[in-house]
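The values are calculated or read from the model by the stated rules, or taken from the named source; none is laboratory data. Given the structure is predicted, the values throughout are model-derived calculations rather than measurements. Here Cβ is always computed from backbone atoms with ideal geometry, including for glycine, and neighbour counts include all displayed protein chains. SASA here: full protein model, heavy atoms, side chains in, ligands and nucleic acids out. Shrake-Rupley method; radii C 1.70, N 1.55, O 1.52, S 1.80 Å.
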Amino acid sequence: MSAPERIPPGRMSGTAPAAEATRELLRQGTLTVRGQITAASNTVLFGTVEHAGSSLPCVYKPVAGERPLWDFPDGNLARREVAAYEVSRATGWDLIPATVLRDGPYGPGMCQAWVGEPPDADDDGEDAPSGEPAEAAPEREPGGEPGRGPGGEPEEEPAPLLALVDGEEPGEGWKAVGFADVGGGRSALLVHADDPRLRRLAVLDAVLNNGDRKGGHLLPRPDGALYAIDHGVTFHVDDKLRTLLWGWAGEELTGEAVEALRRLSTALCADAGGHAEAAEAAQAVDAAEAPLAARLAELLTEAEVQAVGKRVEALLSSGRHPLPSGEWPAIPWPPV
């Protein structure tokens, strides 16, 4: 089936953010910038993609707006964001919204499905200077505002996933992360929900070697789905794991996680030749149909792709969630 045939007509608000049809619309659609999310450290633009009668709100991060990171000298953040989505899809968990690498009004960059109610922005972006649209869109908040049900009725806001509590032990249904300074000489215990969705994400982050898992990157939806965003600081060959999701550190992996890791291991070992040959193979076919190893070879260095496989095998070998290495700050700052 061709890409346009996979895209349903009309506003795609009812289509899952990580679905293949969403990815195809992001790839095929005309991208229009509507505003800028000014709170981000790099250039992050809000826009829409439209194709064959369908439209979708999206986030567009042009490579030209990235700030160089001394410890991530290879490639760019946009490619890492796309690679993270590809790995998420391969697990079967679909924790990351559909993300593609494409050209846009301000050059090549990553384009990702917007999760939650899109901001109201009237500016069409045409008169904005390069990389700096005139209208500012609000930053995506963890949990977001309530969405809309099938009949347009407001949906209930999701339960919180993070909290600061008094005392030295988390309550029932929560996992301890560590103590945080809350000012006035006081500290509080930072906890996250003992939630299977977060536990899946903790495993995925270990595979991605995510160096920046903050609370503001978690987007639970009223329908029970959880999505995670901002994966530019990932896939380093050295251990860079920094996350708020340490509550399961050292605990046994769930059977579900082991099966997902086995699927990843198989997908990464698919015979696509060497790194260069794999990248060429991905270019020769539809991105959705290329083997995972080939898709990653197009986005990451050979050493980075090999490191992904090593992390997957290490998790399967230990059968446990990883522990902080002690060589790198375990929790990102600020944590949200």
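Among the numbered conditions (1) surrounded by 19 or more Cβ atoms within 10 Å (Cβ to Cβ); (2) within 30 Å of GLY224 (Cβ to Cβ), tell me where TYR106 comes up short.
Status for TYR106: all satisfied but (2).
With the checklist (1) assigned to a loop (DSSP other than H, G, I, E, B); (2) modelled with pLDDT of 95 or more; (3) surrounded by 18 or more Cβ atoms within 10 Å (Cβ to Cβ) in hand, flag the one item LEU323 doesn't pass.
Result: LEU323 passes all but (3).
Restricting to the range 163-175, name every residue that is open to solvent by less than 80 Å² (accessible area, probe 1.4 Å) and modelled with pLDDT under 95.
ALA163, VAL165, GLY167, PRO170, GLY171
Which members of the range 217-243 meet the condition of being more than 19 Å from THR43 (Cα to Cα) and acidic (Asp, Glu)?
ASP223, ASP238, ASP239
Residues are listed down the side, and each one gets a yes or a no for (1) among the small types (Gly, Ala, Ser); (2) in contact with a Phe, Trp or Tyr (Cβ under 6 Å, 6 or more places away or on another chain); (3) open to solvent by less than 50 Å² (accessible area, probe 1.4 Å):
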position	(1), (2), (3)
GLU20	no, no, yes
ARG23	no, no, yes
LEU26	no, no, yes
THR43	no, no, yes
ARG67	no, no, no
ASP74	no, no, no
ALA78	yes, no, yes
GLU86	no, no, yes
ALA90	yes, no, yes
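If you take the residues in the range 204-215 that are in contact with a Lys or Arg (Cβ under 7 Å, 6 or more places away or on another chain) and part of a loop (DSSP other than H, G, I, E, B), which one is surrounded by the fewest Cβ atoms within 10 Å (Cβ to Cβ)?
Restricting to residues being in contact with a Lys or Arg (Cβ under 7 Å, 6 or more places away or on another chain) and part of a loop (DSSP other than H, G, I, E, B), the top hit is ASP212.
Sort out for me the helices (runs of 4 or more DSSP H) sitting completely within the range 216-318 that have 1 or more residues that are among the β-branched types (Val, Ile, Thr) and either at pLDDT 95 or above or surrounded by fewer than 18 Cβ atoms within 10 Å (Cβ to Cβ) (or both).
Output list reads 255-268, 302-318.
Only one residue in ASP94, ASP71 is part of a loop (DSSP other than H, G, I, E, B), within 24 Å of ALA202 (Cβ to Cβ) and out of contact with any helix residue (DSSP H, G or I) (no Cβ under 9 Å at 6 or more places or on another chain), so which one is that?
ASP71
Within the set of pairs 6 or more residues apart or between chains, which connect a residue that is farther than 27 Å from GLU169 by Cα inside the range 238-260 to a residue that is open to solvent by less than 10 Å² (accessible area, probe 1.4 Å) and assigned to a loop (DSSP other than H, G, I, E, B) with Cβ atoms less than 6 Å apart?
Partner pairs satisfying both residue conditions: LYS240/ASN209; LYS240/GLY211.
How about the range 176-195: which of its residues are open to solvent by 40 Å² or more (accessible area, probe 1.4 Å) and either over 21 Å from GLU251 (Cβ atoms) or touching a residue at least 24 places away in the same chain (Cβ under 8 Å) (or both)? Don't jump to the end; show me each part of the working.
So the first thing to find is which residues in the range 176-195 are open to solvent by 40 Å² or more (accessible area, probe 1.4 Å), and the list is 176, 179, 181-182, 184-187, 194.
Hits for the range 176-195 are ALA176, ASP181, VAL182, GLY184, GLY185, ARG186, SER187, ASP194.
Working carefully through the options VAL82, VAL49, VAL59, VAL33, find the one that is crowded, with 22+ Cβ neighbours inside 10 Å and in a helix (DSSP H, G or I).
Exactly one residue qualifies, and that residue is VAL82.
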